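See below for the structure under consideration.
Coordinate-derived values only; no laboratory data. Since this is a predicted model, take the numbers as computed values, not measurements. Cβ coordinates were reconstructed from backbone atoms using ideal geometry, including for glycine residues, and neighbour counts include every protein chain displayed.
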Amino acid sequence: MLAKVWSLGLYGIEGFIVSVEVDVSGGLPNVFIVGLPEAEVKESRERVVAAIKNSGFDFPLKRVTINLGPAEVKKTGTHFDLPIAIGLLAATGQIDKSAEAKLKNTAFVGELGLDGSIRNIRGLLPMLMALKQNKIKNAVVPNSNGKEAGILQMSSFKASSIREVVDFLENKVELSQCEYEEENADLVSPSVDFLEVRGQKLAKRALEIAAAGAHNVLLIGPPGTGKSMLAKRFTTILDNMSFDETLEVTKIYSVCGKLKENTLIKKRPFRDPHHTASAIALTGGGSNPKPGEVSLSHNGVLFLDELPEFPKSNLEVLRQPLENFEITVSRAKNTVCFPAKFTLIAAMNPCPCGYLSHPDRDCTCTPVQVRRYRSKISGPLLDRIDLSIELSPVKYEEWQSTSPDGESSQKIRERIAVARKIQRERFAGSTTTANAFMTSKEFRTYCKLPEGGGEIMETAMKKFGLSARSLDKILKVARTIADIENCPDIKREHLMEVIQYRSIDRGMVYE
């Protein structure tokens, strides 16, 4: 007999419909799975055989052929266990004919335990998003994925065993609908605050601007000046994500199996990979490409501490996502594109020992060592940095002061929220979410030079050897400063302020 049920697959971070055809015919007992199955899919036959028997059903001692279509697309994951088992039961007549209507309009996903229980899977959210765009109306998912399935508010049911699913198909029981439980947890961690950072007023102002416009920042300074401390408090001043942004981030984390408690990720991601991370870990890849750190930080922050300690070849792979806000992973058989719209916060010492230009300590590095250290960060990569700040050692008077120094994260965040609201209204109807991500057309429309601004830009370009990309970035940052101050147009003082946040261009750290 032949039976056909529906399931779902993953290609990168996008879902697609999979038809599971099961044919049971005469011949030597064996199970064949075709349709480009990966190892974990091939292993499903052992899980399915044991699960069917231990659920009180009979497994046919015949030739069983299982086809996963479309046959030209590679199938990965353990979530095909449930649809294969349901297809087998339907093909052998162990599911009543009354279930035919539900089988035609229901997709099944779930990993099976040997006892017939249905276990948690990853990547459910993008799979269900593909189903929502198709004519198939219903989905049966693992009980533990219920909250994740409920995010989309579609007709999805959660089950804990094969027996429950069969009874549901035969109208003997009703499965619970998947529902999302809204949470009111505070999105900002109360454990850290910008108020705790002593001194470094210029750096704090630069990070406020970066947060308001999603601009990339490079912090340069000796050890102990607060580079990491500032970076780790950066998320406390970021605005909340929109629902679309939240859905994008949650989808990526679902595919990577990093979705905690199967709920929406509402807080902007903060990724802090170690400098020993490989290029694939940063950008994504593998035989079945999965997102890397640049995608896991989508709509959030990627913090690279000790930037020159990363292998130069690994840093160079950041060029494409910093320019195009996506990363393309190409393999012999397929090409996958992952979103990578993030804010880069990088930190580095001015030299290998860290004390070049320190007011109180002598640098022990030779000129050759300093040049080798700096050469790990190429010019094209630095050209993609919007703001570069030189941090000086905190003075004793600032360190021991008990009075608040600066503003709290909450107060800064309120200003940033206003600036981001202006940008959302400005870019309404487009995919642009912040000034840093403006298209060329939007840049020409919203970043016009003020009167006398041309002379400032020309002088800066000649004096510091700026590229055309650097000039564009200066204007984008100036647009963000204008938004913070609620100014409709960029002013000369905005341009002057941005130029002081370009210490790399001025060569201050190389003296």
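Worth pointing out:
- Environment charge of Lys147, counting only residues whose C-beta is closer than 9 Å and scoring Lys/Arg +1, Asp/Glu -1: -4
- Region 169-259 - Kirkwood radius from inverse mean 1/r over Cα pairs (Å): 16.8
- Counted charge near Asp81, where neighbours are those whose Cβ lies closer than 11 Å (Asp, Glu -1; Lys, Arg +1): -1
- The calculated pair-distance distribution of region 422-470 uses every alpha carbon pair, bins of 10 angstrom beginning at 0, and gives 22, 41, 29, 8 percent.
- GluC sites (Glu not before Pro) restricted to region 182-288 and DSSP loop, no more than 15 other C-beta within 10 Å: Glu182, Glu183
- Rounded to 5, the percent of DSSP beta bridges in the chain classed as antiparallel: 50
- Average silhouette area of region 202-347, convex hull of alpha-carbon atoms, in square nanometres: 9.2
- Set of lysines near Lys42 by C-alpha distance (under 23 Å), chain-local residues within fewer than 8 positions excluded: Lys4, Lys53, Lys62, Lys74, Lys75, Lys290, Lys333
- GluC sites (Glu not before Pro) within region 416-490: DSSP coil, no more than 13 neighbouring Cβ in 10 Å: Glu451, Glu485
- Kirkwood hydrodynamic radius (C-alpha pairs) into Stokes-Einstein, region 2-177, 37 °C and 0.692 mPa s, D in µm²/s: 208
- Debye-sum result for region 249-291 in log10 I(q)/I(0), which assumes one identical scatterer on each alpha carbon, at q = 0.19, 0.20, 0.23, 0.28 Å⁻¹: -0.69, -0.75, -0.91, -1.08
- The amide H of Glu326, built 1.01 Å from its N in the peptide plane, has Ala340 as neighbours under 5 Å, considering only residues 5 or more places off or on other chains.
- Assigned charges on the beta-carbon of Lys, Arg, Asp, Glu; the chain dipole about Cα centre (debye): 980
- Percent of Cα-Cα distances greater than 24 Å, calculated over region 379-511: 39
- Eigen-decomposition of the gyration tensor built on the alpha-carbon atoms of region 383-458 gives equivalent ellipsoid semi-axes of 33, 20, 12 angstrom, largest listed first.
- Neighbour cut-off at most 16 other Cβ (10 Å), DSSP loop, trypsin sites (Lys or Arg not before Pro), region 262-300: Lys266
- Relative contact order (%) - criterion: Cα under 8 Å, at least six apart; region: the chain: 13
- Rounded to the nearest angstrom and listed largest first, the equivalent-ellipsoid semi-axes of the chain from its Cα gyration tensor are 53, 23, 21.
- Cut-off under 5 Å, modelled amide H: who pairs with Ile33 long-range: Ile66
- Kirkwood hydrodynamic radius (C-alpha pairs) into Stokes-Einstein, region 92-196, 20 °C and 1.002 mPa s, D in µm²/s: 139
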